[in-house]
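Working notes, beginning with the structure itself.
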């Protein structure tokens, strides 16, 4: 009897397209995104605003609300065939799907929007065609890297890292790029780096299993965007400091993807990494490895005091009464907890 054909992979046809952030701190976010990071800003109305990195209408949508966190992530898929393939996968696992309204699609600057639950309570959205803005870019940065690799990455902490990895494997055929073993404040962490295209990683998942609490109170630990020019990295770092925004980690270089970057703290509390020149993956030769330590040099904490650390411990303790949300049906039971 002929075995059934394996379902076609969607790897390489999926790209991080936009992020939705819920916040009540519009004034601070406007200054942070426009004056510090250097993105193009657009006010839609009193409850919604957007940032652009390139010719697409929306890369970051900010909506008024109390979460102070990322609430949705949008994935650009190459065509309608891929869109329907992913939709069928999610439906086949019994996970509820909701078609986005015309208004929701317009706010995101996309067509054919589909929404479904994701890890950490972050809604996952797929779409086919991003809309091109009619207005030229007006931003301090000379340019950001988007294109086939997508616009950057998201980083999560999880008490169930295998389920998170399994989720993105099931939905997007994500591949493991490598691991980093790191010890922070005496705590050993293993960070998994997952890719869905040539970008070294689009999702990073740090395991916090065994800790009495998840030290990160937000759903995301950080977001990353990539500048096209080294000067933009240096100048935005200077602007973040001069404008009085908190700098989480100084400029440094990562061990695994070799990206030069720094981490600022956003008005909502999670971190924002601005990076330059990471490696891209050659699928014909790449092999996952384990790196010891997250940085070759730099990435040192900036201006942290004992009071700051105690405050982070206090807000992190909230995770004890806020269990981590998962999507077990898409969690990939067969993925080992390596």
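Quick look at the numbers
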read-out: Check on residue 167, in contact (Cβ under 8 Å) with a residue 12 or more places away in the chain, part of a helix (DSSP H, G or I) and either touching a helix residue (DSSP H, G or I) at 6+ places or on another chain (Cβ under 9 Å) or closer than 30 Å to residue 282 by Cβ (or both); value: yes
read-out: Per-region count, region 20-41, residues closer than 13 Å to residue 61 by Cβ and not in a strand (DSSP E or B); value: 4
read-out: Set 254, 229: member being in contact with a strand residue (DSSP E or B) (Cβ under 9 Å, 6 or more places away or on another chain), crowded, with 20+ Cβ neighbours inside 10 Å and in contact (Cβ under 8 Å) with a residue 24 or more places away in the chain; value: 254
read-out: Test: residue in region 139-155 that is touching a helix residue (DSSP H, G or I) at 6+ places or on another chain (Cβ under 7 Å) and in a strand (DSSP E or B); value: no
read-out: Residue satisfying condition, being out of contact with any helix residue (DSSP H, G or I) (no Cβ under 7 Å at 6 or more places or on another chain), touching a residue at least 24 places away in the same chain (Cβ under 8 Å), surrounded by 16 or more Cβ atoms within 10 Å (Cβ to Cβ) and not assigned by TED's automatic domain parsing to the domain that holds residue 64, within set 248, 264; value: 248
read-out: One residue from 288, 278 being surrounded by 15 or more Cβ atoms within 10 Å (Cβ to Cβ), under 28 Å from residue 227 (Cβ atoms) and at pLDDT 50 or above; value: 278
read-out: Identity of the residue in region 87-105, assigned to a helix (DSSP H, G or I) and in contact (Cβ under 8 Å) with a residue 60 or more places away in the chain, that ends up surrounded by the most Cβ atoms within 10 Å (Cβ to Cβ); value: 90
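This table checks each residue for (1) outside the structural domain of residue 102 (by TED's automatic domain parsing); (2) touching a strand residue (DSSP E or B) at 6+ places or on another chain (Cβ under 8 Å); (3) modelled with pLDDT of 95 or more.
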| site | (1), (2), (3) |
| --- | --- |
| 132 | yes, yes, yes |
| 136 | yes, no, yes |
| 153 | yes, yes, yes |
| 161 | yes, yes, no |
| 164 | yes, yes, yes |
| 167 | yes, no, yes |
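The values are calculated or read from the model by the stated rules, or taken from the named source; none is laboratory data. These figures come from a predicted structure and were not determined experimentally. Don't worry about glycine lacking a Cβ; one is built from the backbone with ideal geometry, like all the others, and counts go over all protein chains shown.
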